[in-house]
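Just so you know, all these numbers are worked out from the coordinates, no wet-lab data involved. Bear in mind that the values here come from a model prediction, so they are computed numbers and not experimental data. Positions of Cβ are generated from backbone atoms using ideal geometry, with glycine treated the same way; all protein chains shown enter the neighbour counts.
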Amino acid sequence: MATDTHRAIEAVWRIEAPRLIAGLSRLVRDVGVAEELAQDALVAALEQWPDGGVPSNPGAWLMTVAKRRAVDQIRRDETFRRKVEEVGRDLAESTPDIAASVAEDDGIGDDRLRLVFVACHPVLSTEARTALTLRLLGGLTTGEIARAFLVPETTVAQRIVRAKKTLAGAGVPFEVPQGAELAARLASVLEVVYLIFNEGYSATAGDDWMRPALCEDALRLGRVLARLAPREPEVHGLVALMEIQASRAAARTGPAGEPILLADQNRAHWDQLLIRRGLAALEWAEALNGQPGPYVLQAAIAACHARARRFTDTDWERIARLYERLAEAMPSPVVELNRAVALSMAFGPATGLALLDQLMAVPALRSYHLLPSVRGDFLVRLGRPAEARVEFERAASLTRNERERTLLLDRAAAL
């Protein structure tokens, strides 16, 4: 029975932790303190729920306990007397029975949106933003984050601690930015969420081709953000992109976990529910703004693949045009690399190779394993196997993912 209760507490914590930390951050104006208060409430649940049972509204129970701890903490410092009164008034509005069902809709949605912008503040490094976002909003433990990104747990713990200190030291306000700052900060938020998704979709290192749990965490964050910022087309564009990409997950690996490339995937295994959700999000994003941004354009590209019943049905000419627009909206050598692939599929490998050869001298791509990998594919299609083999072997030497390395070496050996 106690084991069942502990499982219930773990499930509740996964769901409620972001709401809890967000609401407490609004009250105490310190993410680190808010997380400590939330942890105190979790300890109280672990102590009391096995005997008294899980309350009918566990989230409200945790919030009420945490707020009481906040009052106790603030009272220890007389300089925060005004904050005590604010928290006290907020607590007084709740029913006296902390186990009772208490509505927690006092702007909690806005609180979570504020917390997203705080955790993804540009004052932090990308690594720190990612770790803090997964910790506060993804509900992952330090150990889970460390395993996901293949770094020591102590490294992740230090990043999170430093991130909290940096936010406190910089006096980052617990608010959603406005005007021009909102656009700049929103880009940072979306970048972090997509980085998390991509690391799950195509792991940069390690023994696994994919880490589905990270994709799920990123999707959950994206869906929350879409509900909280319903008029932002790029938010819906990112959600559409992730939904459609995630729909292929079951078809991207074989029985032993080996990678299966797009052309070889069994599309009957694509998740049609995720595709429908993605296409609906894309339609909404396009309706919000006539000038699509980078995530909306990437989602439109993903939609071309999703709509094709077979690989040979893919509208590569439209994909090439979309990549051209994406290159204008978000200039990047990686975008140009993908455009070269689209051009090769639409107009032949020689066309793609011409653009690819221009990218060979770009410093940012010199150690990027997909450049020689794509070049090898073009050379195979042009009937130049000896050159292609060299490219696949070079790509294998550059990747840090063992599954991908094996795939590339197998392709080289086949030549």
Within segment 1-26, considering residues that are more than 27 Å from the chain's Cα centre (by Cα) and among the aliphatic types (A, V, I, L, M), the one nearest to Gln73 (Cα to Cα) | Ala2
All conditions in (1) of a type outside the set (Phe, Trp, Tyr); (2) in contact (Cβ under 8 Å) with a residue 24 or more places away in the chain; (3) not in a helix (DSSP H, G or I) are true of Ile275 except (3)
Please identify the pairs in which a residue from segment 219-231 that is without any contact (Cβ under 8 Å) to a residue 24 or more places away in the chain and surrounded by fewer than 17 Cβ atoms within 10 Å (Cβ to Cβ) has its Cβ atom under 8 Å from the Cβ atom of a residue that is assigned to a helix (DSSP H, G or I) and of a type in the set (A, V, I, L, M), counting only partners at least 6 apart or on another chain.
-> Arg223/Val239
Scan segment 308-329 residue by residue and report those that are surrounded by 14 or more Cβ atoms within 10 Å (Cβ to Cβ), within 27 Å of Ala268 (Cα to Cα) and charged (D, E, K, R).
-> Asp315, Glu317, Arg318
Surrounded by fewer than 21 Cβ atoms within 10 Å (Cβ to Cβ) and touching a Ser or Thr at 6+ places or on another chain (Cβ under 7 Å), is that true of Ala354?
-> no
Spans of helices (runs of 4 or more DSSP H) in segment 303-363 with at least 3 residues more than 21 Å from Ser373 (Cα to Cα) and not small (Gly, Ala, Ser) = 316-329
